[in-house]
Structures are given as structure tokens and as C-alpha cells.
């Protein structure tokens, strides 16, 4: 016999119930339930009766089952099993969230004044991150591209203007930071995020016939802004003290599709990620996609994202791009989740006047 219940789903996989054997005390007595073997499996109770099919599962046994389940739920929700956030933890989260919001505002304004810088910001973030080497656990989005010896390499040609823009933004950001200066590692990846968001918003404005107000409403209603949660949590990268080794970044405008695929494969990416990051591989996205579409493995993904960008919501393209950038921007990095937080000044109650 099987009986289903909608109560707690955190019941242990096996909990025996003891029934009272049959007794008759007088002529009007009712025969009580026979002993049964009961197994409880997350929202359902299975009973294998030891007697014939006409016997029924006792109401008292059901109440025992519920009581045991509720008791275990109360134990599991006690302080022994559940880690609660301390006031300090919550305060740190609030501080980091407020600081991050200000950073995004600063970067948004800087990019809005220099919209042509967007492709370079994307490539800058890619080239800083794709130096990651799994074998040695070195490289990655660690801000190494800020060094003159690295930004001057052939693969980074033309990216100095993007780095200069971020350096100017950093001065403003550091001026209002209460938890220390922002790392270049964080700044470069959040610069890419702001650049990506600007392209999403620009696409919405175009779909709204060039009307910026309607475009903003369209992006708010159908856009992917709510998908950035995991990216925003990866906030607290450390800067490396030296440039990354040479030879880890392809010269994208001269690389073959196979060379691009090989490099992406080395960091755990495939044709799908290569296609969705087409805007990061040079200033001309259309030309890059035409090249990628010549490869039979990459072509289906290129076409998929091209179709997605023609829709109102652009969901497939935008969500996959956010997901890929999130992974790219954290390759090999140890995130310090206490970075940019600061001690709150205590109030001396003895000096307050009431």
C-alpha cells in the first residue's frame, strides 16, 4: 500500500514505525492495526502489510510519522545545523554591494562618453584572462596586462586606449573607496561587463527605433540584466606583481579558426564559447563571425546567436555571453570575499547628548 503526504521533504530515508498488535478488550472493541514495515522516501510512505490487502495503515501511525518528521525538521533548523550570517558578514556584503554599484556607475559614464572604446575593452579583458595555464595554475584575469611590457606585445596592439580609460576611471573609483583601491584585475573584468551591457542596451535602443527612453524600457522588460548575479559575486581578485609569460595569447586578427579553437580548448572552452565571444576577438564582429562560420563545428553556434540577436529578448545570445564571461573572468582566481570592506566606526555613547 502507498500513501502520499505533502508535508516535509527532509524526512530520513528509513524510519520504522511500531504498531500495536491486535487485541480485543470487550465485545464492542475495535481491532487495532497489525504490525507493518514502513519506509519513508521524501514525500511518500510505502507500507508493506504483513496481512491481507484489506488491512489499512493506522491513523495513529500516520501521526507518529508526521511527529517524527516535524521533530527532525526542527532539529535540522537549529543553530547546530544551520550557519547563520553574523552582523559583520551582512555589513561586509552591504559595503561591497554599495561600492560595486558606484563602480558600475563610474564605468557606465566613462563608456557612454567613449562608445567606440567598447571592442577594445572586451579584447582587453579577454587577453588578460586567457593567459591562464591549467598545468601551472598561473595567469588568468590577474591584471597583468597593465604592465607596459605586456600591453605593448603584438597581441595587445591597439588596447592602450582602453587601459588608459580604465586607469582614469580607477582614480575616481579609488577616491571614493573606503576599503582600499580597486585591483586592476577586478577593474578590467568589470570594465568588460559594463561594455557588454552597453552593447545590450544599444541593441534595445535600435529595436525601439532609436528612441533611448523606449530602448531602456525594452531592455528592462526583456533584457538579461538579472543574469549577472554570479559574475557580481566574483569580486575580490588580486593583482599579480609581474607580467604573465609571453606566447599565451594568439594574435586574433591573424589566427586561424583552428588556432582559436585550440586556445579556447586549453582553458576549458569549446566552439560554443568561441562563437559567443566573437565580439571579444577584434573590432569587427561581423568579419570575425564570417571567419568562424567557415568552421563546421563553430558555424551552428554562430548562426544560433545571429538568430537570437534578431529577437526582441535576445535571450540565448545574452545569457550565454554572460555565462561565458563569468567563467572567463574567474579562471584560476582566488576571490577574496572580504575585499573592499572596512570596519565601521563605533559611536562613543558617552559623548552623545540626550
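Quick rundown of the values:
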{"read-out": "Selected residue [modelled with pLDDT of 95 or more and farther than 20 Å from residue 144 by Cα] from 346, 261", "value": "261"}
{"read-out": "Set 220, 199: member being part of a helix (DSSP H, G or I), under 27 Å from the mean Cα position of the chain (by Cα), surrounded by fewer than 21 Cβ atoms within 10 Å (Cβ to Cβ) and modelled with pLDDT under 95", "value": "220"}
{"read-out": "Per-region count, region 243-268, residues under 24 Å from the mean Cα position of the chain (by Cα) and within 26 Å of residue 336 (Cβ to Cβ)", "value": "2"}
{"read-out": "Top-ranked residue of region 98-113 - restricted to ones that are more than 16 Å from residue 162 (Cβ to Cβ) and in contact (Cβ under 8 Å) with a residue 12 or more places away in the chain, ranked as surrounded by the fewest Cβ atoms within 10 Å (Cβ to Cβ)", "value": "102"}
{"read-out": "Only one of 271, 283 that is closer than 30 Å to residue 185 by Cβ and at pLDDT below 95", "value": "283"}
{"read-out": "Members of region 225-242 that are assigned to a loop (DSSP other than H, G, I, E, B) and either more than 28 Å from the chain's Cα centre (by Cα) or modelled with pLDDT under 95 (or both)", "value": "242"}
{"read-out": "Only one of 343, 283 that is over 25 Å from the mean Cα position of the chain (by Cα) and in contact (Cβ under 8 Å) with a residue 60 or more places away in the chain", "value": "283"}
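The values are calculated or read from the model by the stated rules, or taken from the named source; none is laboratory data. Just so you know, these numbers come straight off a predicted model, no measurement behind them. No Cβ is skipped: glycine too gets one built from the backbone with ideal geometry, and neighbour counts run over all protein chains shown.
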